[in-house]
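Structure record follows, encoded as structure tokens.
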Amino acid sequence: MRTTKYILIPGLALFVLFAFTYTPQSEKWVVPANFKTMKNPVAKSGESLEIGEELYMQHCKSCHGKEGLGDGPKAADQKGDLGDFSDAKFQAQTDGELFYKTKEGRDDMPGFAKKIPDNEDLWSVVNFIRTLKQ
Ligand code: HEC
């Protein structure tokens with residue numbers, strides 16, 4: 001049974017390699033209903049956009065890139081889909097969804113509840129992300 005050996009062993013090796021390197025491609029990130037429908041209490045004023053932009057450049061650019069394209073210098077090291085903030089599908093999310101994802105994080109996406117403790121600042125980041133729409 002030489003042929004079986006030649007198929008079985010590389011097959012098994014491939015399987016083991018696959019099993020250890022495979023990470024399930026981003027399961028849907030479920031946002032609790034109360035966040036999804038949450039109203040953004042911060043108006044998109046010039047002041048809010050300025051705060052949002054400053055915080056974005058300080059905390060988000062390294063992974064998500066200057067324009068939110070998912071091409072920051074640290075992007076390649078991240079597991080999971082960084083998304084494209086200029087994309088219509090991304091922008092179709094509610095403010096509450098973006099707020100929740102930024103605040104809580106998931107896996108390689110850090111939660112910013114501690115680094116940006118003021119909720120109004122977080123909403124300003126959401127406001128700024130809206131300006132990245134193409
Ligand atoms: C260390 C790298 C890193 C930094 C810094 C980072 N993110 Fe992320 N972000 C990720 C990764 C990785 C994902 C994908 C997470 C997943 O799907 O499990 C993500 C996903 C997201 C998503 C969801 C994308 C989608 O398609 O719905 C939003 C919104 C987001 N990040 C906002 C931000 C904001 C705002 C900041 C700054 C305050 C920030 N991120 C900083 C790595 C980062």
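Residue pairs exceeding 21 angstrom between C-alpha atoms, taken from K79/K101; K66/K89; K44/K133; K36/K103; K39/K61: K39/K61. Within region 40-134, none of the chymotrypsin sites (Phe, Trp or Tyr not before Pro) combine a DSSP coil assignment with at most 14 other C-beta atoms in a 10 angstrom radius. Rounded to two decimals, the Cα-based Rg/Rh of region 29-130, with Kirkwood Rh, is 0.93.
Of M38, M57, how do they rank once you tally other Cβ atoms within 10 Å and put the fewest first? Numbers along the way, then the final one.
On the way: M38 17, M57 12.
Placing the least packed residue first, the sequence is M57, M38.
With both labels modelled 7 Å from their Cα along Cα-to-Cβ, the W29 to D71 distance reads 2.0 nm.
Read the figures in this text as sums done on the coordinates, not as results from a lab. Fair warning: this is a prediction, and the values are worked out from it, not measured in the lab. FYI the Cβ positions are ideal-geometry reconstructions off the backbone, even for glycines, and counts take in every protein chain you see.
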